[in-house]
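Below is one structure, written out as structure tokens; comments come after it.
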Amino acid sequence: MYKNLFYPYSENNNNPKENNLSRGIAILLEENTLFFDRFIDLINAELKKNNHELIAKPNNLEERKINIQQSASNLADNLEGIQRIIPVTLTPEKINSQDGMSDTQNPIPDISIFCNSNDGADLIIIEAKQYQLNADAQVLNQAEAIKNSANDSKISIIEPVTRLTWQEIITILQNMQQLQEGRGDFVLNHYLEYLKNFRQYWFPVEPFRAGMTETMMWKRIWPLANNCAKLLNLDDNSIGENDWCYRVFLKECNYLKEFDIALNYDNNVINGINICLYPGNTSGQSWNLFANNDSIANPMSWINEKKIKLDDSTELNINTKFFLHLFNSFGPHIMSAYLSNNIIGTDKSAICENFCKRINGKWHNENWDDLKNFLINEHPGILEDQETFIAEFDANIQQSGKTCFNAALGFEIVINLPIDLLAKLDKKNSNFMANPENDAAARIITLAVKKVRRMIEK
């Protein structure tokens, strides 16, 4: 049975040891010359920003030494000719605070790299953290301890601390993996798989593709939602995060205030994303949709459409259902139910007269049975799942201790973007992070939202 090289050193299946993460970096530095070269380039780029002399790369393997978990005294005794100590932190983010943990008793760097060249010898010491912890003070204490153990006042400690991130390391490894074109480095591939399995949130945003995990999909959807907001000329704070979606808040539309971007599943496998719109989701929005808005088209025949054509090459599935929303006075959702399109019909005036006037508004406990009677007895079949509605109404309303709730009749509109289309769009515009116009998927979504509004309005 195949097993990842790094798995046996994990404490359990979801909490890798911090030492194991840094051990993997050390093994790759020792084993892969190209990674060592790119790693030094990364540190040199940071040194250059602070006008420090760059690290001279060793000419051969004998002029470099890589160790893990070596004490300050051992490093000082075994590495002669050190001229500079370069403290480095490796964390999920570049934390600027100088506050942090320290270990002055027996400081042990996670990784040490000795680089000898004709220009002198540098010792790079690295303190790795897998969480959002500052390690500046700790790695500086380690550098001071090594200098004191060496008893050499000529050794300089380079400050400020050079800060690297796991994201930068992963980007290097992924670029190397792509260069290999199938002739993969065994250790590199195993380490990347190990990181992806346990620390996916460290990975850069990837383009949409089949087989993506939830974590990677959500990471791509976040810039997608932001790009949609920018394309719609919305404010910077127009994005909300829910446990099941990213929400984009609209403006200048009195019957629709947001749309949601959520995952679409097929037999528990991610099959793309859904764009969900809820016109009439509050009492006020519902009245504006059915009663108080002369710009709304009548009849509402668009609710029966199964396809939405955005341009000559893009047609998406769309599903529209009448949606009953029950919510607290200040907006929090209580429960919802789908209502039959056939029973309610498409005539806006009739919907307003026969349903909105009976449903919309505040319901007090003495009238709750009236709402149930209206939905169950006066209009049999209007509830798509009557049994579930009765059970949820009893649990969330009648047995909840509430004295009142609000109700609104509106729609749930779901537009599906399949994963093969999303992958095609991202492949076509691989630099989707550059600006909103580069994000072809965001352009399609904004087109869909605008098309829905054109369908609803005259």
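For the reader, a short list of remarks on this structure follows.
- Residue, farthest from His190 (Cα to Cα), within segment 24-37, restricted to residues that are open to solvent by 20 Å² or more (accessible area, probe 1.4 Å) and β-branched (Val, Ile, Thr): Thr33
- Filter result for Met216 (of a type in the set (A, V, I, L, M, F, W, C), modelled with pLDDT under 90 and closer than 14 Å to Leu263 by Cβ): yes
- Residue, farthest from the chain's Cα centre (by Cα), within segment 38-55, restricted to residues that are of a type outside the set (A, V, I, L, M, F, W, C), open to solvent by less than 70 Å² (accessible area, probe 1.4 Å) and within 16 Å of Asp119 (Cβ to Cβ): His52
- Lone unmet requirement of (1) open to solvent by 10 Å² or more (accessible area, probe 1.4 Å); (2) within 12 Å of the chain's Cα centre (by Cα); (3) not small (Gly, Ala, Ser) for Leu224: (1)
To keep it simple, each residue is scored yes or no on (1) under 27 Å from Asn435 (Cβ atoms); (2) touching a Ser or Thr at 6+ places or on another chain (Cβ under 9 Å); (3) without any contact (Cβ under 8 Å) to a residue 60 or more places away in the chain; (4) not polar (S, T, N, Q).
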| position | (1), (2), (3), (4) |
| --- | --- |
| Pro223 | yes, no, no, yes |
| Asn237 | yes, no, yes, no |
| Asn242 | yes, no, yes, no |
| Phe259 | yes, no, no, yes |
| Ser301 | no, yes, yes, no |
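- Output for segment 53-72, where each listed residue is under 25 Å from Ile108 (Cα atoms), of a type outside the set (A, V, I, L, M) and part of a loop (DSSP other than H, G, I, E, B): Lys57, Pro58, Gln69, Gln70, Ser71
- Output for segment 345-359, where each listed residue is open to solvent by 40 Å² or more (accessible area, probe 1.4 Å) and assigned to a helix (DSSP H, G or I): Ser349, Glu353, Asn354, Lys357, Arg358
- Checking the stated criteria, Gly211 turns out not to satisfy the condition of being in contact with a strand residue (DSSP E or B) (Cβ under 9 Å, 6 or more places away or on another chain) and surrounded by 15 or more Cβ atoms within 10 Å (Cβ to Cβ).
- Residues that are open to solvent by 50 Å² or more (accessible area, probe 1.4 Å), charged (D, E, K, R) and outside any helix (DSSP H, G or I), drawn from segment 385-443: Asp385, Lys402
- In segment 258-278, the residues that are assigned to a loop (DSSP other than H, G, I, E, B) and surrounded by fewer than 17 Cβ atoms within 10 Å (Cβ to Cβ): Asn267, Asn268
- Matching residues, segment 360-384, being in contact (Cβ under 8 Å) with a residue 60 or more places away in the chain and either within 36 Å of the chain's Cα centre (by Cα) or not in a strand (DSSP E or B) (or both): Asn360, Glu384
- Contacts under 8 angstrom Cβ, first residue in segment 168-181 being touching a residue at least 40 places away in the same chain (Cβ under 8 Å), partner polar (S, T, N, Q) and buried (at least 16 other Cβ atoms within 10 Å of the Cβ), 6 or more apart: Met176/Asn32
- Which numbered condition Asn342 fails, given (1) polar (S, T, N, Q); (2) part of a helix (DSSP H, G or I); (3) open to solvent by less than 40 Å² (accessible area, probe 1.4 Å): (3)
- Scanning segment 279-304 for residues that are surrounded by fewer than 21 Cβ atoms within 10 Å (Cβ to Cβ), assigned to a loop (DSSP other than H, G, I, E, B) and not charged (D, E, K, R) turns up Thr282, Ala291, Asn292, Asn293, Ser295, Ala297, Asn298, Pro299.
- Test: Glu159 is modelled with pLDDT of 80 or more, out of contact with any Phe, Trp or Tyr (no Cβ under 7 Å at 6 or more places or on another chain), within 30 Å of Phe203 (Cα to Cα) and not in a strand (DSSP E or B): yes
- Segment 163-182 - residue that is surrounded by fewer than 14 Cβ atoms within 10 Å (Cβ to Cβ) and among the polar types (S, T, N, Q) and, of those, modelled with the lowest pLDDT: Gln180
- Subset tally (residues that are touching a strand residue (DSSP E or B) at 6+ places or on another chain (Cβ under 9 Å) and at positive phi) for segment 261-288: 2
- Test: residue in segment 311-319 that is in a strand (DSSP E or B), at pLDDT 95 or above, open to solvent by 40 Å² or more (accessible area, probe 1.4 Å) and closer than 21 Å to Lys402 by Cα: no
- Qualifying residue in segment 233-254 (condition: on the phi < 0 side of the Ramachandran plot, touching a helix residue (DSSP H, G or I) at 6+ places or on another chain (Cβ under 8 Å), open to solvent by 60 Å² or more (accessible area, probe 1.4 Å) and part of a helix (DSSP H, G or I)): no
- Hits in segment 142-162 - residues which are surrounded by fewer than 20 Cβ atoms within 10 Å (Cβ to Cβ) and not hydrophobic (A, V, I, L, M, F, W, C): Glu144, Asn148, Ser149, Asn151, Asp152, Ser153, Lys154, Ser156, Glu159, Pro160
The values are calculated or read from the model by the stated rules, or taken from the named source; none is laboratory data. Owing to the predicted nature of the structure, the values given are computational and were not obtained by experimental measurement. Virtual Cβ from ideal backbone geometry, glycine too; neighbours counted across all protein chains shown. Accessible surface areas use protein heavy atoms only, side chains included; no ligands, DNA or RNA. Shrake-Rupley method; radii C 1.70, N 1.55, O 1.52, S 1.80 Å.
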